[in-house]
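We did not get these values from a lab; they are worked out from the coordinates using the rules stated. Computed from a predicted structure; not experimentally measured. Heads up, the Cβs are rebuilt from the backbone with ideal geometry, glycines too, and the neighbour counts pull from every protein chain shown.
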Amino acid sequence: MSADAKAQEQPVKRVLQTVGFDARFPNQNQTKHCFQSYIDYHKCINAKGEDFAPCKQFSRAYKSLCPNDWISRFDEQREAGTFPASLEP
Amino acid sequence: MVAAQVARRSLMKQWFAIEAIPIYVILGGALSGASWYLYRLGTRPDIIWTRKNPEPWQSVKQNENTKFMAINREFDRKWTREKL
């Protein structure tokens with residue numbers, strides 16, 4: 001009971017952050033950054049497997065940058081094999 | 001024969017008007033400036049020219065600046081386009 005109360009007292013600390021500056025995409029238009037991060041994540045997955053921790057950086061990048069419509073469209077294109085870039089490592 | 005030479009000289013006088021030289025100078029300056037600017041635009045890392053360099057933006061390192069002036073951030077050097 002007291003252990004439960006103690007656990008509930010400490011709030012879960014969350015760190016909110018976004019994608020850092022990338023010199024390849026220095027302007028306001030980050031669409032290419034979104035696309036590149038998506039491609040890099042899937043290339044990373046295909047090369048190293050899904051549990052490789054450094055791939056998570058790309059995953060965070062594209063999930064922050066890309067509009068959700070685009071993410072679902074890219075996923076559908078990937079399923080259908082019509083994704084417009086090569087995802088081979 | 002003489003008539004042909006007279007006709008050619010009057011044609012020369014017509015299309016190269018000596019009093020229009022300032023216009024030629026200003027027009028030449030504007031055209032050369034515009035073409036130089038287009039050349040500069042063509043060297044940006046977003047532009048793909050050849051199949052040998054399909055992703056030029058990947059050659060930009062994280063401490064290189066691609067813009068004309070860097071205001072808010074320090075960069076070590078300016079990016080230059082190595083491959084066409």
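Listing for the model above:
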| item | result |
| --- | --- |
| Rounded to whole Hz, the Karplus (6.51, -1.76, 1.60) HN-Hα couplings of the stretch B:57-69, x for glycine and proline | 5, 6, 8, 7, 7, 6, 10, 10, 9, 9, 8, 5, 9 |
| Pair B:V25, A:R60: separation of 7 Å Cα→Cβ label points (nm) | 6.1 |
| Label-point separation, B:A7 to A:N68 (7 Å along Cα→Cβ), nm | 7.9 |
| Ellipsoid equivalent to the stretch B:1-78 - semi-axes via the Cα gyration tensor, in Å | 50, 18, 6 |
| Rounded to 10°, Cα long-axis angle of helix A:31-48 versus longest principal axis of chain A | 80 |
| Rg [Å, one decimal], Dmax [Å, integer] - chain A, C-alpha atoms | 17.6, 57 |
| The stretch A:45-89: GluC sites (Glu not before Pro) in DSSP loop, at most 12 other beta carbons within 10 Å | A:E50 |
| Lys, Arg +1 and Asp, Glu -1 on Cβ, resulting dipole of chain A about Cα centre, debye, nearest 20 | 320 |
| Peptide B:58-64, shielding by other chains (average Cβ, 10 Å cutoff) | 3 |
| Fraction of alpha-carbon pairs over 22 Å apart in the protein assembly as shown - percent | 67 |
| Euclidean distance between Cα centres, the stretch B:1-64 to the stretch A:39-89, Å | 44 |
| Estimated dipole of the stretch A:30-80 in Debye, rounded to 20 [Cβ of Lys and Arg +1, of Asp and Glu -1, Cα centre] | 220 |
| Sorted by Cβ density within 10 Å, fewest first, the residues B:M69, B:M12 | B:M69, B:M12 |
